[in-house]
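Participant: Here's a structure for you.
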Amino acid sequence: MLRVAVPNKGSLSEAATEILAEAGYRQRRTTKDLSLTDPDNGVEFYYLRPRDIAVYVGEGTLDVGISGRDLVLDSHADAETILELGFGGSTFRFAGRPGVARSVKDLEGKRIATSFAGILSDHLAENGVKASVVKLDGAVESAVQLGVADVIADVVETGTTLRQAGLEVFGDPILKSEAVLIKRHSAAAEQPNGLEQLVRRLEGVLVARNYVMMDYDIRAEAVEAANAVAPGLESPTVSPLHREGWVAVRVMVPRAEAQRIMDQLWEIGGRAILTTDIHACRI
């Protein structure tokens, strides 16, 4: 069976379980379950600490896993991304008291507190900066106030917690992260059975989430103009209507652009324009 690691808690856990369920896989009903077997799909799921998943996959103990890009890179595990999953977005940045620094180049000789020592050390090395990395497991934003560090490097969402601690972000983002599907990177690693199906199913869920099906009627001579507005993934399906000179068109369009596309189709003569959700697909 394909052995898949899934975050057992934290911000990635619920979304990872949800996307797997949408892809047709059984998922645990209680957080007390540490593993689950889905014999119909030939998969075994293991629910692990998000920080440990890249290590298990990199060692070949498990075949694939869902984790954050930041956690994968920080682990230095022998694992690689095979699919971006579109949730769990975050940005890793420097922060400090106002005026302490403007860029990574200003951090020479300073103490930097972080929960992501691997990422930070790599970033400093890439920029030729020598600084002291202070590894903490949590509450990094308190490190400056308590005198443990001069600046911090941490995940920034709204920035509210930083402002409450008297800190502000500076410099370019160190890393932009999101949830990813990973597998072992080693050249000797074989393609696990069931991996291709898992990737294809997850890709189908991502397309279904990001696209809608659009149907509309339009005069035949306006089809080319309509096609320029909404070309679809390959090309629209065009069928003649009983009303002479009119056709029905069906096409996939990005969900985020659906309203704008409807307006444009209306302007060139499209009528009876409808959108419907896509629940599953294979592209």
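Participant: In the chain, with Lys and Arg counted as +1 and Asp and Glu as -1 at Cβ, which of these residues, L2, G58, S121, has the Cα nearest the positive end of the dipole, that is, farthest along it?
Facilitator: Farthest along the dipole direction, towards plus: S121.
Participant: To the nearest 0.05, what FRET efficiency results for R102 and E157 with a Förster distance of 25 Å applied to their C-beta separation? Intermediate values should be presented prior to the final figure.
Facilitator: Values: r = 22 Å, r/R0 = 0.89.
E between R102 and E157, to the nearest 0.05, is 0.65.
Participant: Okay, next question. Using Cα atoms only, what is the angle between the long axis of helix 50-59 and the major principal axis of the chain, expressed in degrees (0 to 90) to the nearest 10?
Facilitator: 90 degrees
Participant: Sequence-distant or interchain residues sharing an amide H contact under 5 Å with W246, placed H: which?
Facilitator: Amide H to amide H, under 5 Å and 5 or more residues apart or across chains, W246 pairs with A220, L241.
Participant: Between A272 and D78, what length comes free when the chain is fully extended (0.36 nm per residue of separation minus the Cα-Cα distance, one decimal in nm)?
Facilitator: Numbers: separation 194, 0.36 × 194 = 69.84 nm, distance 5.30 nm.
Length gained, A272 through D78: 64.5 nm.
Participant: Of the listed peptides 257-266, 34-43, what is their order by residue-averaged count of other C-beta atoms within 10 Å, with the highest listed first? Mind showing how you got there, number by number?
Facilitator: Working: 257-266: 15.7, 34-43: 13.7.
My ranking of the peptides, most packed first, is 257-266, 34-43.
Participant: Mind checking which of M262, H279, Y216 is farthest towards the positive end of segment 143-283's charge dipole, using Cβ charges of +1 (Lys, Arg) and -1 (Asp, Glu) about the Cα centre?
Facilitator: Final value for the positive-end residue is H279.
Participant: Using only Cα atoms, find the angle between the long axis of helix 13-22 and the longest principal axis of the chain, and express it within 0 to 90 degrees, rounded to the nearest 10.
Facilitator: Once rounded, one gets 20 degrees.
Participant: Tell me, what is the 1.4 Å probe accessible area of K110, in Å² to the nearest 10?
Facilitator: Rounded to the nearest 10, the figure is 50 Å².
Participant: Go ahead and collect, in residue order, the members of segment 256-275 whose backbone nitrogen is under 19 Å from a label point 7 Å along the Cα-Cβ direction of A220.
Facilitator: Once the point is set 7 Å along Cα→Cβ of A220, 269-271 turn out to lie under 19 Å by backbone N, inside segment 256-275.
Participant: Same structure again: Between E234 and E196, take the C-beta separation as r, use R0 = 30 Å, and let me know the FRET efficiency to the nearest 0.05.
Facilitator: Working: r = 22 Å, r/R0 = 0.72.
Approximately 0.90, to the nearest 0.05.
Participant: Averaged per residue, what accessible surface does segment 150-283 expose to a 1.4 Å probe, in Å²? Don't skip to the end; give the middle numbers.
Facilitator: Values: 7960 Å² over 134 residues.
For segment 150-283, the per-residue accessible area is 59 Å².
Participant: Calculate the FRET efficiency for L146 and T31 from the Cβ-Cβ distance with a Förster distance of 45 Å, rounded to the nearest 0.05. Intermediate results must be reported in sequence, preceding the final value.
Facilitator: On the way: r = 33 Å, r/R0 = 0.74.
Efficiency computed from Cβ-Cβ geometry: 0.85.
Participant: Once ligands and nucleic acids are excluded and a 1.4 Å probe is used, how much of E14 is accessible, expressed in Å² to the nearest 10?
Facilitator: 140 Å²
Participant: Report, in degrees rounded to the nearest 10, the 0 to 90 angle that the Cα long axis of helix 117-126 makes with the longest principal axis of the chain.
Facilitator: 90 degrees
Participant: Then there's this: Please work out, to two decimal places, the log10 of the ratio I(q)/I(0) at q = 0.11, 0.12, 0.13, 0.19 Å⁻¹ from a Debye calculation in which every Cα of segment 134-283 carries one identical scatterer.
Facilitator: -0.72, -0.77, -0.80, -1.05
The values are calculated or read from the model by the stated rules, or taken from the named source; none is laboratory data. What you are looking at is a predicted structure, and each value in this text was computed from that prediction instead of being measured. With ideal geometry, Cβ positions are generated from the backbone for all residues, glycine too; neighbour counts draw on all protein chains shown. What goes into the accessible areas is simple: the full protein's heavy atoms, side chains included, and nothing from ligands, DNA or RNA. Shrake-Rupley method; radii C 1.70, N 1.55, O 1.52, S 1.80 Å.
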